[in-house]
Amino acid sequence: MPESSSEVMDIRSSSVEYRPSPLRQFSQSSLPLHRDYMLSDFCTEHNVQECLSHINQEVSSLGLPPLWTEASGSSEMKVVPVLNCMYDLIQLHHRGLRTLENMEVEQLKTSSNVDFLQLSSTHLKEQLELSKRENTGLLERERQLQLKVKTLQNSLKTEKEEVQKLQNIIASRASQYNHEMKRKEREFNKLKERLNQLLADKKEKKQAIDVLNSIGRADGKRSLWKTVKTEAKHEGEMYKTLLSNYDTRQRELLLENAELKKVLQQMKKDMVSILSSRKTALRGDKHQDAGKQVDAEEEEEVFDSSKESVELYCDQAREKLTNSIRLQWRRLKSHVERLDSQASLAQMGENTNSDAVARETHEDEMDRLKLEIQQCKDLIQTQQHLLQQLSSPCDDETASLLSDCFMLQEKERFREEWKTLEEQRKIFERERRNFTEAAIRLSHERKDFEDDRALWLKHQFLSLSPFADSKKPQMSKSKSAFSISKTEVSAETDPEKLIKCRSGATSPIPRCVQLTPPPTDDLHRTLCLMPDNRSTKPKRKVEHVEESQISFNGNIPVQCKQWNDSEDQYSHLLPKEKTSSI
Amino acid sequence: MNFSEVFKQSNQLCKVSPDGKYLATCVQYRLVVRDVETLQILQLYTCLDQISHMDWSSDSLFILCAMYKRGLVQVWSLEQPDWHCKIDEGSIGLVSSRWSPDGRHILNTTEFHLRVTVWSLCTKAVSYIKYPKACQKGIDFSRDGCYMALAERRDCKDFVSVFVCDDWHLLRHFETETQDLAGLEWSPNGCVLAVWDSCLEYKVLLYSLDGRLLSTYSAYEWSLGVKSVTWSPSSQFLAIGSYDEKVRILNHITWKKITQFEHPATINNTKAVVYKEVVKRPAVCSDDLSLHNITIGNTLFNTQSKYEICPTPVQLPVVKPDPDRANPKIGISTLAFSSDSRYLATKNDNMASVVWVWDVQKMSLVAVLEQTTAVRCFQWDPRRPRLALCTGNTKLYLWSPAGCVSVQVPTEGGFQVQSLNWHCSGDSLILLGKEQLCLCYMDNDQEDK
């Protein structure tokens, strides 16, 4: 396929090339074609000359060599050019046919293409129509839905309004009813009053009590007159009952509190006993726990001393009690948790072994680990202690020790720095070697160039002299040489500069080391440049030199900074920074 | 368990004297007093009309018989049978009559709650208390009989008056922060007065004896509120049953809610025991048709029932109340603490056949008794944690922490237990039918075991 297409392309290009001619051909050859049908009485005996000239003209117009030239003088027609011409014409015709065919094919293709496109367009149109219809349907639905939503919203609004209205109605009715009720109640009260009065006024059937003989009071006492005294007595009694009630309540609370306290104490005692037994078990392996133990004992003492005061409900004692309980509780909890974890470990670890054995081993392990932890803690503590001693202002001895320590540190640092610098120096050395090599190469090149120039000058000189044009190709060669050498001329100054810079920079070794890029980098860079096809040696060199120069220019402030930094004990960062600066 | 023979009574008026020695029953217009032990008639009094209310005085010496229709109260003495006392309220009418705690005064509430008349049997003196409020529970005496709290309504506002019962001295008078006070109740120790609003508003107010407002409690707003309120005998808890089918328990120190007991239709609590009454028709076998069976023929028509323990979860029968009617049958209408304050029995009105028993110590559900018919009445034994209940059929049901039993009342003529009352000793139980009563004696040796 690609071949054919390329052919087509060719043909097309050729057709384009020949476009004017076929057009003309067509337009002009409409006549000859007709004549072909009449089987050419185009040329007769008489008009051979004209025909000849006509054909000649035509042929020349087609861009073919003329059939005959008047210059040749002879009216006789040469067969060879005619045949050539005919052949050309046939060729032309063939080509025309071929292009025609191609074009027909193309036209067919295009027409089929057009058909296809039309088909697809109709299809698409149909689709478009369909989607349009769908769209309109959807739009319609959306419209309907929107309408629905609107109506729903409206109904919601009306409902809300309705609710609001109803609420208002309810509220108003409630207030109305309340009012009515109050009115009714007032009326009712009035009626009651009236009824009372009426009943009081009415004598006809009075309320009465008919007792055979009045009985004594239940308590056997006589009733008392109502006086201020009795009132006071009532008040007093009321408060007495209230007070007694509060009294009983308080007593109950006290009792409850005492009970709770007892429980707390019991708990505390139990916890202490449990914890102390644990401690005594562990004391064998623990040295450091002694302090803790003392603490605990102290606490116990405190608790014991507070024991008596607990009975007195002293605030402080209570606080102490609760605090100590809390503490013990925390300990117990942690202990229990530890036991729990131990138990789980034992379960996980040893399924076959009996529990007791597992626990024992675990306990041993735990003790060992605890011991270790304790030792570590000791170490840490001693260290902390020492540190504290150091941090606190102290005598000369410690100061000297301190300075010694610092010196040592400094030395170490310096050594480290020295090492890195050494390394860098090595790198620099290598680089310098590279440079010297490059310089040697350059000098060689320069020599070559010098030779070349001399040669060229000689040639120039010779060309000015009367014996010229003898060696044309050599001149073109020298020209190409010149183009190379020109760049070299520009580069020529650079090494000098470079050297100058370098000489300026070399005096402190480390600085120089920093200045130069590491050769590996350079190599890499050059390698990277390789694919650019600028593999000519001098050129690469120029570039390299330029680059290095750039790195020089950019590097000087950085380098100073680096030096400062290295003084700030960041020497190990140097290589990194260097690479980054380049 | 033994049952006495059946006696006649009317209006379910039958009471044991506070000292537990006598049993007074009303039959039409006659008052019969019997010895509880022997059930022999000790006294027979004849009133002027059919008795509508009867009550013992606190010292068990006098009996009050009220005839509301005639506006009459007659008092009889047990010691002096010929002593009589008649109180005529006249045309002003009478709706309620009660003893004062000292047993020497009678408080009559007149029609329309015009006033409360206090009659003294000692001095024949009469005094009036105006503006009493007509409500669920407008009068309450403290347990020690010293104070009376009375709900009043003046100028469309609620007030509470605290009287000293000794000489009817007005000790305190204060306005309550209620819309429409529905009831009040003294704590058993007589130091706190619980006041609750009508069901339209959930509000419970707690007043000290000296009229200070101790606390206000409101669980929710807007929907129907408090339906019933009960103090625990220890005065430690206040149980509030409400229309939301919950009981809330307040404590006596902070007056805050400790817990709330819900009454769900499905019981998922695995710790609660659900007793379900199962009815069995007695199988009429050929050999069962013996003479013995025929003699107690009426039991043939009675059904046997027993309790079965249902594994949770259990679905309880629920009746949806009619929302259009006032006083909907929903919510906790009855609450009762056992005498030792250990248990609380409740009844939710839309599950009328279920009684719930809660452990107050653990604050959890202990037992659920699902009956076949609606529970009419339940009451705790005044001595032991034992609950007796009746459902209007021929059976008596008892619950104790040990278990649950249903007992057929072995009487002729289909004695249907409408109501029951414990004797103060807890040894016997008075069962009230429509027109009859019978005593049920507990086997206390069993209990002692």
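None of the figures in this text is laboratory data; all of them are computed from the coordinates on show. All figures in this text were calculated on a predicted structure; none of them were measured in a lab. With ideal geometry, Cβ positions are generated from the backbone for all residues, glycine too; neighbour counts draw on all protein chains shown.
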Problem - Selection from B:358, B:156, B:32, by position along the positive dipole direction of chain B (Cβ) - result: B:156
Handout entry: Global geometry of the stretch B:1-129, whether rounded, prolate or oblate, following the gyration tensor of its Cα atoms and the 1.5 cut on a/c
Key = prolate
Problem - Relative exposure of A:455, B:365, A:242, B:193, judged by other C-beta atoms within 10 Å (fewest first) - result: A:455, A:242, B:365, B:193
Problem - Residue-averaged 222 nm ellipticity for chain B, from DSSP H runs of 4+ at -39500 (n - 2.57), nearest 500 - result: -500 deg cm²/dmol
Problem - Residue exposure sequence - A:158, B:230 - by fewest surrounding Cβ within 10 Å - result: A:158, B:230
Completion exercise
Karplus ³J(HN,Hα) for the stretch B:91-104 (6.51 cos²θ - 1.76 cosθ + 1.60, θ = phi - 60°; Hz, whole; x = Gly/Pro) runs 6, 5, x, 9, 10, 7, 9, 8, 7, 7, x, 7, x, 10
Practice task
Report, in debye and to the nearest 20, how large the dipole of the stretch A:91-197 comes out about its Cα centre when Lys and Arg carry +1 and Asp and Glu carry -1 on their Cβ.
Solution key: 1340 debye
Exercise for the section: Any of B:306/B:329; A:233/B:227; B:280/B:362; B:130/B:227; B:86/B:133 with alpha carbons more than 32 Å apart? Name them for me. Expected result: A:233/B:227; B:280/B:362
Problem - Length added when fully stretched, residue A:276-residue A:338, from 0.36 nm per residue minus Cα-Cα - result: 20.7 nm
Handout entry: Relative contact order, percent, the stretch B:343-445 [alpha-carbon distance under 8 Å, six or more residues apart]
Key = 16 percent
Fill in the blank from the handout: Shielding of A:237-245 by other chains, given as the mean Cβ count within 10 Å, works out to 5
Handout entry: Cα centroid separation, the stretch A:109-150 to the stretch B:10-76 (Å)
Key = 100 Å
Fill in the blank from the handout: tail above 21 Å in the computed P(r) of the stretch B:91-160, as % of all Cα-Cα pairs, reads 23 percent
Exercise for the section: Give a residue-ordered list of calculated ³J(HN,Hα) values for the stretch B:227-232 (Karplus: 6.51 cos²θ - 1.76 cosθ + 1.60, θ = phi - 60°; whole Hz; x for Gly, Pro). Expected result: 10, 8, 9, 9, 8, 7
Exercise for the section: Calculate the dipole size of the stretch B:338-438 relative to its Cα centre from +1 charges on Lys and Arg beta carbons and -1 charges on Asp and Glu beta carbons; express the result in debye to the nearest 20. Expected result: 160 debye
Practice task
Taking the Cα centre of the stretch B:1-129 as origin, sum charge times position over the Cβ atoms of Lys and Arg (+1) and Asp and Glu (-1), and report the length of that vector in debye to the nearest 20.
Solution key: 300 debye
Practice task
Just list whichever of A:157/B:246; A:125/A:148; A:269/A:333 have alpha carbons separated by over 27 Å in the model shown.
Solution key: A:157/B:246; A:125/A:148
Problem - Average beta carbon contacts from partner chains per residue of B:81-89, 10 Å cutoff - result: 4
Practice task
Taking only the C-alpha atoms, wrap a convex hull around chain B and report its volume per residue in Å³ as a whole number.
Solution key: 165 Å³
Problem - Virtual spin-label span in nm between residue A:263 and residue A:182, 7 Å along Cα→Cβ - result: 5.3 nm
Practice task
Quick one: which residues, 5+ away or cross-chain, put their amide H under 5 Å from the amide H of residue B:269? H built at 1.01 Å from N.
Solution key: none
Practice task
Kindly rank B:357-363, B:91-97, A:441-447 from highest to lowest mean number of other beta carbons found within 10 Å of each residue.
Solution key: B:91-97, B:357-363, A:441-447
Completion exercise
Going from the fewest other Cβ atoms within 10 Å to the most, one would list B:310, B:47 as B:310, B:47
Fill in the blank from the handout: In chain B, taking the dipole from +1 charges on Lys and Arg beta carbons and -1 charges on Asp and Glu beta carbons about the Cα centre, the listed residue (B:379, B:442, B:316) farthest towards the positive end is B:316
Exercise for the section: Grab the other residues whose beta carbon is less than 11 angstrom from that of residue B:419, score K and R as +1, D and E as -1, and report the net. Expected result: +2
Fill in the blank from the handout: Taking a crude spin-label model, label points 7 Å out from Cα along the C-beta direction, the residue B:364 to residue B:443 distance in nm is 3.2 nm
